[in-house]
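Data block below; observations after.
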Amino acid sequence: MSENQKSEQKSKTGEIPFVDYLVLGEDPYLQANECESCGARYFDRRNACASCFEDNFRQVPIATEGEVTSFSIVQMGPIPYVSAVVDCDGTSVKCTLMNVEATPESVKLGMNVKLMTYSMGEDSEGVEAIAFGFEPASS
Amino acid sequence: MGSDAVWIIGSNMTKFGKHPDKDVVDLAADASRNALKDAGISLADVGVLGVGNLMNAGAGIGQQLQKQIGQTGIPVFNVSNACATGATALRVAVMAVKAGETDVGMAVGVEKLAGAGLLGQRGPKPESDTWEPSGRHGALSSTEGRIGTSIMPGVFAQVGMEYGHKYGGTSFELFARISEKNHAHSTLNPLAAYQKRFTLDEIMNDVMIAYPNTRPMCSGNCDGAAAMIVVSDEKMKSMPSEVQKRAVKISASVLTSDPWVDGCQILPDVNTLTRNAATQAYEQAGIGPEDLDLVELHDCFATAELVHYDNLMLCEEGGAVDFFESGAPWRDGAKPVNVSGGLQSKGHPIAATGIANIHEIVMHLRGEAGDRQIEGAKVGLAHVIGLGSACGVHILEKVA
């Protein structure tokens, strides 16, 4: 997302996503830059595709549910948290798992999770930052 | 290989640990001068110098070293390549000798890290009272903790857990037992930073850093240096017989970076580049994993050691857990791995590591490894990987 688009989104909604690739709205989702030539997907800005070197990208939505393929419970700070890799229908996503106890008993490889968003608070201009995480899915 | 073979004729490492009274250059000087002495040559014979140091990458440690041990005007290559920095310095010396630019090269890796704390952690951004996106993800603040982790213990924990998800059979206890092995091995290595044997209970009940890695399952930040003298085949044949007898052949010297694979932007892929480096190294050396008498691999965390059994093809694909359960990687097993104690107990002064692991193999192939000698060792492999990523694999043989 360009800086212009970003400030547009900021002014229209009074909300700003924590990262460019989180698309806010009624049903928030993550969005990747997909290489038009080989289909490789990136969440960050790329000058060219690391896989095939072409430089045309299109924006594609990423599935909002997935399976935990790896995790670690990071206990180096005051509050332990779960870092996880989620396979969202073939696209890997890095996230913090939310609404789950940060213990090996509560987090399992292969567990189903879904995208969620939460507020990080407002800045001095009243703009609310929205972050994402994944939480256990009921199914 | 024939006449383009490159040989190690001098090798040395300092004790790893805390060296409060020595600076980076002191440590590099100790290892370098001892490696020259070991080779029985003078600095005047050396035609190229590769020097690895990560924490002062812009400081020209190579030239600083020359000021202390001898300024001969030879080309100096200061290199920095994450945890593969030492192996990269050696690659520079080997390439120069192979290219015929010189007959004698010296490689040095040095680091002072004691008390450095966690690596990979970025400092806080300056406070602003409005949300401002920055960087290639347009993030409003540090992503650490907000979007998972990028700190090493957590990243490598996920590398091990991913293997478990793919193939099954892993557990907290399994990873802890890998660490138990390396700490047990370290008791025989007087140059290791830590020589304490831990029980499985002690390892599992120690401070949790990033599940499933507890503190003793993480490599130790410490100080240290290692240095190596390499020569061409022709030069080796001109050396006195006592030098020739102790010479060790570099049968393969390989450095790779990580090719693009799906998902590597999310969790660094430490597997593909290691497997690629191993494949190239076995091909170069004309030997297979079954021929190896010992292996020093990059166990920066206990969770990493498991995946590299597989990546280095010490077992069948997906068979790393069974390989460990068979007892093979213990020093009295079929395929001893990290008999030095590994990074978890020997310590991990980053840029020194990629030469120190080769030094360990050299000592065994020469029959000079003392109490921890693997009897009759003729072939060994040393592996390092630095996130980013860079992977070095060297295969050494005792030929003479």
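No value in this document is a laboratory result; all are computed from the given coordinates. Owing to the predicted nature of the structure, the values given are computational and were not obtained by experimental measurement. Glycine gets a Cβ as well: all are built from the backbone with ideal geometry, and neighbour counts include every protein chain shown.
Using Cβ contacts closer than 10 Å as the measure, can you line up B:Glu111, B:Glu360, B:Glu316, A:Glu135 from fewest to most?
Sorted ascending by nearby Cβ count, the order is B:Glu316, A:Glu135, B:Glu360, B:Glu111.
Any idea how far apart A:Asp27 and B:Asp371 come out in nm if each label point goes 7 Å out from Cα toward Cβ?
Label at A:Asp27, label at B:Asp371, 6.7 nm between them.
Given a cut-off of 24 Å, name the pairs among B:Lys37/B:Lys245; B:Lys67/B:Lys98; B:Lys98/B:Lys245; B:Lys37/B:Lys398; B:Lys237/B:Lys335 whose C-alpha atoms lie farther apart than that in the structure shown.
Correct reply: B:Lys67/B:Lys98; B:Lys237/B:Lys335.
Please give the length that would be gained between B:Ala44 and B:Asp291 if that part of the chain were fully extended, namely 0.36 nm times their separation in residues minus their C-alpha to C-alpha distance (nm, one decimal).
Between B:Ala44 and B:Asp291, full extension yields 85.2 nm more.
Need one number: nm distance between label points at B:Asp4 and A:Gln59, each 7 Å from Cα along Cα→Cβ, rounded to one decimal.
Those two pseudo-labels are separated by 5.2 nm.
Highest GNM mean-square fluctuation, chain A, Cα pairs closer than 10 Å: which of A:Ser92, A:Ser70, A:Ser37?
A:Ser37
What does the structure give for A:62-74 when I average, per residue, the other chain Cβ atoms found within 10 Å of the residue Cβ?
That average works out to 6.
Within chain A, count lysine pairs with alpha carbon atoms under 25 angstrom apart where the residues are 8 or more positions apart or belong to different chains.
Within chain A, the lysine pair count is 4.
What is the order of B:Met55, B:Met363, B:Met13, fewest Cβ neighbours within 10 Å to most?
Arranged by neighbour count, lowest to highest, B:Met55, B:Met363, B:Met13 become B:Met55, B:Met363, B:Met13.
Using modelled amide H (1.01 Å from N, peptide plane; none on Pro or chain starts), what sits under 5 Å from the amide H of B:Asp206, excluding residues fewer than 5 places away?
Distant-sequence amide H within range of B:Asp206: zero hits.
Between B:Gln68 and A:Glu128, what is the label-to-label distance in nm when each label sits 7 Å out along the Cα-to-Cβ direction?
Going by the 7 Å Cα→Cβ label model, 5.8 nm.
Running a GNM on chain B with Cα contacts under 10 Å, which residue among B:Gly154, B:Gly318, B:Gly135 ends up with the highest mean-square fluctuation?
In this elastic network of chain B, the residue with the biggest mean-square fluctuation among B:Gly154, B:Gly318, B:Gly135 is B:Gly135.
Averaged over every viewing direction, what's the projected area of the C-alpha convex hull for chain B? Give it in nm², one decimal, please.
For chain B, the mean projected area of the Cα convex hull comes to 19.7 nm².
Enter the per residue convex hull volume of region B:262-400, computed from alpha-carbon coordinates, in Å³ rounded to the nearest integer.
111
Nearest-5 percent of antiparallel DSSP beta bridges in the protein assembly as shown?
80
Expressed as an acute angle from 0 to 90° and rounded to the nearest 10, what is the orientation of the C-alpha long axis of helix B:302-311 relative to the principal long axis of chain B?
That helix lies at roughly 60 degrees to the long axis.
What are the ³J(HN,Hα) values, in whole Hz, obtained from phi via the Karplus relation 6.51 cos²θ - 1.76 cosθ + 1.60 with θ = phi - 60°, for each residue of region B:349-358 in sequence order, with x given for Gly and Pro?
Per residue, the Karplus-derived 3J(HN,Hα) values read x, 2, 6, 7, 4, x, 9, 4, 5, 6 Hz.
Could you state the angle between the C-alpha long axis of helix B:85-98 and the longest principal axis of the C-alpha atoms of chain B, as a value from 0 to 90 degrees rounded to the nearest 10?
The helix B:85-98 is inclined about 30 degrees to chain B.
What is the distance in Å between the Cα centres of region B:347-379 and region A:87-139?
Using only Cα atoms to place each centre, the spacing works out to 45 Å.
What would the Debye formula give as log10 I(q)/I(0) at q = 0.18, 0.19, 0.20 Å⁻¹ for the alpha-carbon point model of region A:3-136, no solvent?
Debye intensities relative to I(0), on a log10 scale: -1.08, -1.14, -1.18.
Rounded, prolate or oblate: which fits region B:178-285 when a ≥ b ≥ c are the square roots of the eigenvalues of the alpha-carbon gyration tensor, with rounded for a/c under 1.5 and prolate only if a/b beats b/c?
oblate
Springs between alpha-carbon pairs under 10 angstrom, Gaussian network model over chain B: which of B:Gly58, B:Gly47, B:Gly380 fluctuates most?
Greatest mean-square fluctuation among the candidates belongs to B:Gly58.
Which Rg and Dmax, in Å, describe the Cα atoms of the protein assembly as shown?
Cα-based Rg and Dmax for the protein assembly as shown come out at 24.5, 81 Å.
Collect residues whose amide H, placed 1.01 Å from N in the peptide plane, falls under 5 Å from the amide H of A:Met111; neighbours closer than 5 in sequence don't count.
Those qualifying (amide H under 5 Å, at least 5 residues apart or on another chain) are A:Val68.
Quick check for you: which residues of region B:295-315 have the amide N under 15 Å from the point 7 Å beyond the Cα of A:Ala50 toward its beta carbon?
Under cut-off, by backbone N: nothing.
Please compute the average number of Cβ atoms from other chains found within 10 Å of each residue's Cβ in peptide A:84-95.
Counting other chains' Cβ atoms within 10 Å and averaging over A:84-95 gives 4.
Which whole-Hz ³J(HN,Hα) couplings does region A:110-118 yield from phi under the Karplus relation 6.51 cos²θ - 1.76 cosθ + 1.60, θ = phi - 60°, glycine and proline marked x?
x, 5, 8, 9, 9, 5, 9, 10, 8
Could you check what % of the DSSP bridge pairs in region A:3-136 are antiparallel, to the nearest 5? Numbers along the way, then the final one.
Working: 35 of 39 bridges.
Roughly 90 percent of the beta bridges in region A:3-136 run antiparallel, per DSSP.
Tell me the relative contact order for chain B as a rounded percent, counting alpha carbon contacts under 8 Å between residues six or more apart.
26
With a Förster radius of 60 Å, plug the Cβ-Cβ distance of B:Glu132 and B:Arg197 into 1/(1 + (r/R0)^6) and report the FRET value to the nearest 0.05.
Details: r = 52 Å, r/R0 = 0.86.
With a Förster radius of 60 Å, E is 0.70.
In what sequence do B:His19, B:His348 fall when counting other Cβ within 10 Å, fewest first?
Numbers: B:His19 20, B:His348 26.
With the sparsest Cβ surroundings first, the list reads B:His19, B:His348.
How are the alpha carbon pair distances in region B:25-80 distributed across 5 Å bins from zero to the largest one, expressed in percent?
Histogramming region B:25-80 at 5 Å steps yields 4, 20, 31, 28, 12, 4, 0 percent.
Per Stokes-Einstein, at 20 °C and 1.002 mPa s, what whole-number D in µm² s⁻¹ belongs to region B:282-336, with the Kirkwood radius over Cα pairs as the hydrodynamic radius?
Roughly 186 µm²/s, to the nearest whole number.
If I fit a long axis through the Cα atoms of helix B:270-285 and take the longest principal axis of the Cα atoms of chain B, what angle between them do I get, 0 to 90°, rounded to 10?
Approximately 20 degrees, to the nearest 10.
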